[in-house]
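> Structure provided below as structure tokens; questions to follow.
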Amino acid sequence: MEQRRGAKSYNRYFDGFSEREVVTPNGGLKIEHVYTGDYYRENVPEELWKRRKIAVGFLYAIAVLLFLVCGVINCEANSCWYVILFYGITFVSVLLVTMNVFTKVTAKRDMIARVFRSAAEQYEKRMRFTAVTMFLTAGAVLVNLLINMVTGEVTGFICFAGYVFSGMTMYRLYRLEEQNQYQRVKNTTKLDDPDEFVEITY
């Protein structure tokens, strides 16, 4: 079976698949993809794996909800340009990592290469970055409170505490993933005619 050399983005998306051209009933051609690469499995018992997925989804939802609520609280800090800047960066980061969280909590026990990259590798990197930007947002709020010496503005301190809590939650999720170990599971799929297929690797 040959190896396919093509566009990087195509190979990345179909990493681990084998493909061939097949003739459709109306005489046209289409590409058939069959996953033949190894699967990736979290190296924990299945019950623990299920509980972890629920915990990740629950904790992440709380952290994001608190982050969004803090962003709309009416306080002096939320109208400061550098707080808005860090909040905007964090907001974009949250949008990106949300896709990875969704992939992680909906992934099957045995993940194909594309899903593994999203649910493990990308998830870890983006969660770490989001935790950092969340702490920076909290730091910007604190700086604003100290500069303006706002006394009696409880909402500003609520914002600060909320961002810190969200950042700590994101950091905890990052650390949990960093400590995760995965094992490769051999794929037992047999191709009906291996010589017709081309292996895709990234």
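One line per residue, one yes/no per condition, for (1) of a type in the set (A, V, I, L, M); (2) modelled with pLDDT under 95; (3) assigned to a helix (DSSP H, G or I); (4) farther than 30 Å from Phe17 by Cα:
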residue	(1), (2), (3), (4)
Tyr60	no, no, yes, yes
Ala63	yes, no, yes, yes
Val105	yes, no, yes, no
Val132	yes, no, yes, yes
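> So, one more: Quick check on region 61-84. Is at least one of its residues over 23 Å from Val154 (Cα atoms) and of a type outside the set (Val, Ile, Thr)?
Yes, some residue in region 61-84 is over 23 Å from Val154 (Cα atoms) and of a type outside the set (Val, Ile, Thr).
> Within region 134-163, restricting attention to residues that are of a type in the set (Ser, Thr, Tyr) and more than 22 Å from the chain's Cα centre (by Cα), which residue is modelled with the lowest pLDDT?
Selected residue: Thr151.
> Kindly evaluate Thr155 against the criterion of being within 26 Å of Val105 (Cα to Cα), outside any loop (DSSP other than H, G, I, E, B) and either open to solvent by less than 60 Å² (accessible area, probe 1.4 Å) or out of contact with any Leu (no Cβ under 8 Å at 6 or more places or on another chain) (or both).
no
> Open to solvent by 30 Å² or more (accessible area, probe 1.4 Å) and of a type in the set (A, V, I, L, M, F, W, C): is that true of Phe165 in this structure?
When the stated conditions are applied, Phe165 passes them.
> Can you tell which of Cys75, Cys70 is open to solvent by less than 30 Å² (accessible area, probe 1.4 Å), in contact (Cβ under 8 Å) with a residue 60 or more places away in the chain and in a helix (DSSP H, G or I)?
Result of the check over Cys75, Cys70: Cys70.
> Cβ contacts < 6 Å: first residue within 9 Å of Tyr35 (Cα to Cα) and modelled with pLDDT of 85 or more, restricted to region 2-18; second residue open to solvent by less than 80 Å² (accessible area, probe 1.4 Å) and assigned to a loop (DSSP other than H, G, I, E, B), any location; separation 6+ or different chain. Result?
Gly16/Gly37; Gly16/Ile112; Ser18/Thr36; Ser18/Phe197
> Could you run through region 29-55 and say how many residues are open to solvent by less than 30 Å² (accessible area, probe 1.4 Å) and either more than 30 Å from Glu177 (Cβ to Cβ) or hydroxyl-bearing (Ser, Thr, Tyr) (or both)?
Number of matching residues: 1.
The values are calculated or read from the model by the stated rules, or taken from the named source; none is laboratory data. Remember, predicted model here, so these are calculated numbers, not experimental data. All Cβ positions, glycine included, derive from the backbone under ideal geometry; neighbour counts span all protein chains shown. For the accessible areas, the whole protein counts, side chains as well, though only heavy atoms, and no ligand, DNA or RNA atoms are used. Shrake-Rupley method; radii C 1.70, N 1.55, O 1.52, S 1.80 Å.
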